Amino acid sequence: MQEKITKNADGTIRSLSNRHVQMIAIGGTIGTGLFLGSGSTISKTGPSVMLVYLVLGCFFFLMMRAIGEMFYADPSQHTFVSFISKYLGPTAGYFTGWSYWLGLLFASMAELTAIATYFAFWFPNIPSWIVEVAFLVVLAAINLIAAKLFGEAEFWFAMIKIVAIVALIVTGIIMVFSHTSTPLGHASISNITNHFTLFPHGSFNFISAFPMVFFAFQGIEFVSITLGESKNPHKVVKKAVNETLWRIMIFYIGALAVIMAVIPWTSITPDKSPFVQVFTLAGLPAAAAIINFVVLTSAASSLNSIIFSAGRHFYQLATEGRKEGFMNRHFGKVSKNGIPSAAILISAALIFITPIMSVSNSVSSVFTIVAGSSSDMYIIVYLLTMVAHRKYRASNDFLSDGFKMPGYAITSPLTILFFFVIFASLFFIPGDVVGAIGAIIWSIVFCGLVYLKERNSKAYA
């Protein structure tokens, strides 16, 4: 049976246990934005931010069910992008693979920059580039040794985030039930309901919160990339995907509810971490240092996951190319320890560009524009994934008794429509317009170049 496989045909090893994958799934659900950026979304929308998280959480859960259904039918694939190649054709897969991989690289650069910033909290005199190089070397080494070591590192990174959120929720509940008095009033559920309105700062701020929360959830699909190297893929995929929604309910909506119960939402400002504020009000003087440690490990976890994911995606791109081609010969290989080492090394090497970004403001500005465009590309990738799922449903690969997406006839088109709406909303938010236009330009130029290449190759065939 497939669950008994310990080694894939390409040499990669199924060494990730259920414990690893489940914690990776939880860690992927919880982003750094919850600890630092939640103050911004609360200040914009008040208690109705919980509705935003719930709506987006439901659609991300449906997307994960679509991805999970395809992986359940074929757990040998290394990335969900491979299903786009399989069901929408090599051109769509090629476009998606390169777009997603480049998006991962820009995300990794942002995370590495964040790591240096958080590290400076304790050691401000150490140059940022030294911190960035040190973290990148260590995390790349973890990825190169064994998938199991990567899984173990992610297990403990995720555990730190979980402990911090559970501590916040427990602390907040105790303060609410004991009606703890703070400089801002009393901790109480009424802090959430007082002066409640769906659009406290206008409908525009409410609508603009959707893309903000969307990007907070971005990367939630990462757990699916571990399935190709997990020991029991059929068992693991069901648990990892099915628990996505309740994780969002507990870790995001639960944490936000507790924060607004302790701190009146009208007193929450975007420039301060609500986590630090709650722990400070609870009498924890080291709150800022503790949360800084949590976000440092969270950023390290994200970078660790990105290196793993980027390596697998580049490997996938290499193996889908011509067997005698440069990519396949140099990056479509697996090392003796079952790792696509060359693909990981080239991905990690390109991340070393990060220290150069601090040289001048112009470089940083260009990076911000390109990173925004690549981030917006994820919406297009998600859309193509959902379309690929529909093609899977119409193919001979469809398992009628498999891990099926619930209410497919309604939920599939609704999810696709929702992602279209999210992308369209970017054009009404000043800060996102450039990124959205950049994503469209990238799509048109890339697809045009691929089309010309294919046409020329046919002409000379």
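Points to keep in mind about this one:
- Qualifying residues in the range 181-209 (those that are hydrophobic (A, V, I, L, M, F, W, C) and surrounded by 18 or more Cβ atoms within 10 Å (Cβ to Cβ)) - the one nearest to Asn337 (Cα to Cα): Ala209
- For the range 84-102, residues that are modelled with pLDDT under 90 and among the aliphatic types (A, V, I, L, M) total 2.
- Residue within the range 122-130 that is under 18 Å from Asn292 (Cβ atoms), assigned to a helix (DSSP H, G or I) and in contact with a Pro (Cβ under 8 Å, 6 or more places away or on another chain) present: yes
- Condition check for Thr117: part of a helix (DSSP H, G or I), over 25 Å from Phe35 (Cα atoms) and hydroxyl-bearing (Ser, Thr, Tyr): no
- Every residue from the range 262-283 that is assigned to a loop (DSSP other than H, G, I, E, B) and touching a residue at least 24 places away in the same chain (Cβ under 8 Å): Ile263, Pro264, Ile268, Thr269, Pro270, Asp271, Lys272, Ser273, Ala282
- Filtered by the rule that a residue be surrounded by 20 or more Cβ atoms within 10 Å (Cβ to Cβ) and within 24 Å of Ser178 (Cβ to Cβ), the range 265-305 gives Trp265, Ile268, Ser273, Pro274, Phe275, Gln277, Val278, Phe279, Leu281, Ile291.
- Scan the range 216-237 for residues that are out of contact with any Asp or Glu (no Cβ under 8 Å at 6 or more places or on another chain), in a helix (DSSP H, G or I) and closer than 19 Å to Val81 by Cα and the total you get is 12.
- Cross-chain or 6+ apart pairs with Cβ under 8 Å, the range 388-399 first and within 15 Å of Thr415 (Cα to Cα), then among the β-branched types (Val, Ile, Thr): Ala388/Ile84; His389/Ile67
- Residue within the range 65-73 that is aliphatic (A, V, I, L, M), surrounded by 23 or more Cβ atoms within 10 Å (Cβ to Cβ) and touching a Gly at 6+ places or on another chain (Cβ under 8 Å) present: no
- Checked across the range 223-235, the condition of being surrounded by fewer than 16 Cβ atoms within 10 Å (Cβ to Cβ) and either without any contact (Cβ under 8 Å) to a residue 60 or more places away in the chain or touching a helix residue (DSSP H, G or I) at 6+ places or on another chain (Cβ under 8 Å) (or both) holds for at least one residue.
- Scanning the range 90-118 for residues that are over 19 Å from Ser347 (Cα atoms) and surrounded by fewer than 21 Cβ atoms within 10 Å (Cβ to Cβ) turns up Pro90, Thr91, Ala92, Thr117.
- Residue match in the range 153-160 (condition: part of a helix (DSSP H, G or I), without any contact (Cβ under 8 Å) to a residue 24 or more places away in the chain and under 28 Å from the mean Cα position of the chain (by Cα)): yes
- Extreme residue, farthest from Thr45 (Cα to Cα), among residues of the range 258-275 that are modelled with pLDDT of 85 or more and within 23 Å of the chain's Cα centre (by Cα): Phe275
- Just one of the listed residues (His201, His195, His179) is of a type outside the set (Val, Ile, Thr), in contact with a His (Cβ under 8 Å, 6 or more places away or on another chain) and either at pLDDT 85 or above or outside any helix (DSSP H, G or I) (or both), namely His179.
- Helices (runs of 4 or more DSSP H) wholly inside the range 335-428 containing at least 2 residues that are more than 20 Å from Gly93 (Cα to Cα) and either touching a strand residue (DSSP E or B) at 6+ places or on another chain (Cβ under 6 Å) or at pLDDT 85 or above (or both): 341-351, 408-425
- The number of residues in the range 284-329 being part of a loop (DSSP other than H, G, I, E, B) and over 29 Å from Val81 (Cα atoms) comes to 3.
The values are calculated or read from the model by the stated rules, or taken from the named source; none is laboratory data. Keep in mind that what you see is a predicted model, and the values were worked out from it rather than measured. Reconstructed Cβ throughout: ideal geometry from the backbone, glycine too, with neighbour counts over all protein chains shown.
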